[in-house]
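The values are calculated or read from the model by the stated rules, or taken from the named source; none is laboratory data. Remember, it's a predicted structure, so these values are computed and weren't measured experimentally. Reconstructed Cβ throughout: ideal geometry from the backbone, glycine too, with neighbour counts over all protein chains shown. Keep in mind that these areas ignore ligands, DNA and RNA; they rest on the heavy atoms of the full protein, side chains included. Shrake-Rupley method; radii C 1.70, N 1.55, O 1.52, S 1.80 Å.
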Amino acid sequence: MAAVVWHVTMSLDGYIAGPDEAMEWVFEYFSEESNETASNVIETTGAIIMGRRTYEVEDRYRPGIYGGAWTGPYFVLTHEPPEVVPQWMTGTFINENIEAAVARATDAAAGKNVGILGANLAKQCLERGLLEEIVIHLAPVLLGDGVRLFAAPGVERVRLEPTQVTRSGPLTDLRFRVSSGERTDAESAT
Ligand SMILES: NC(=O)c1ccc[n+]([C@@H]2O[C@H](COP(=O)([O-])OP(=O)(O)OC[C@H]3O[C@@H](n4cnc5c(N)ncnc54)[C@H](OP(=O)(O)O)[C@@H]3O)[C@@H](O)[C@H]2O)c1
């Protein structure tokens, strides 16, 4: 069944981008060898949503979604679309709440998964119960600073169910299903 899936590469110290949005460390891992988990995500994704900063980094480093390995409808959330758009950009800039964006992408995905890129949108999805799966490539590197995977002080604990752990070259691929929010008896008692 189709799902809303957050696909992300994370450093061991929990960053998805380094200082100044550095992303070359991610692309280095994927240029070295193929990754079965990433290929599976790409094959099963029918539409993608990302935020403006992710789009700008794609433009800076490697034009095209997944460096051109994926084609399909995609949507870039921004309050103010740029006036000049590069030739590779075949997606649509949208300015709407995350619920509407996910509904739009679900329609566009035509039965396949909706991919979420970046931390900001994933957090919005998680907070509204829209995210169903998280796929993480855990990279053996410490960045020390940057954009955190998830930073939401004060929010309720988000429970995840591990569904896959795979080694692929230097990366450890992790998949989690996002639980519906019920707490275990042990947690309720604390
Ligand atoms: N390691 C990985 O796998 C991975 C994957 C993806 C991204 N990244 C990196 O993560 C870094 C930052 O990503 P991020 O997640 O913090 O930012 P992001 O989601 O890419 O961009 C945030 C921006 O998206 C726009 N936005 C978000 N929600 C919106 C809404 N509901 N309505 C209108 N506009 C909305 C706003 O743009 P405006 O200010 O224009 O309104 C906001 O400032 C980048 O360096 C990116 O390359 C890493």
### Task
List the number of the failed condition for Leu121; all other conditions in (1) within 12 Å of the ligand (Cβ to nearest atom); (2) open to solvent by 50 Å² or more (accessible area, probe 1.4 Å); (3) assigned to a helix (DSSP H, G or I); (4) not β-branched (Val, Ile, Thr) hold.
(2)
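Kindly indicate which of Gly115, Gly129 is assigned to a loop (DSSP other than H, G, I, E, B), under 17 Å from the mean Cα position of the chain (by Cα) and more than 9 Å from the ligand (Cβ to nearest atom). Spell out the reasoning first.
Numbers: Gly115 fails: assigned to a loop (DSSP other than H, G, I, E, B).
Every option except Gly129 fails the conditions.
Filter the stretch 64-79 for residues that are in a loop (DSSP other than H, G, I, E, B) and in contact with a strand residue (DSSP E or B) (Cβ under 9 Å, 6 or more places away or on another chain); which is nearest to Ser34 (Cα to Cα)?
Selected residue: Trp70.
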### Message
Checking the conditions here, which among Glu43, Glu28 is assigned to a helix (DSSP H, G or I), open to solvent by 60 Å² or more (accessible area, probe 1.4 Å), more than 8 Å from the ligand (Cβ to nearest atom) and within 24 Å of Phe176 (Cβ to Cβ)?
### Response
Glu43
#### Entry: Residues (within 14 Å of the ligand (Cβ to nearest atom) and open to solvent by 30 Å² or more (accessible area, probe 1.4 Å)) located in the stretch 46-68
Arg52, Arg53, Thr54, Glu56, Asp59, Arg60, Tyr61, Arg62, Pro63, Tyr66, Gly67
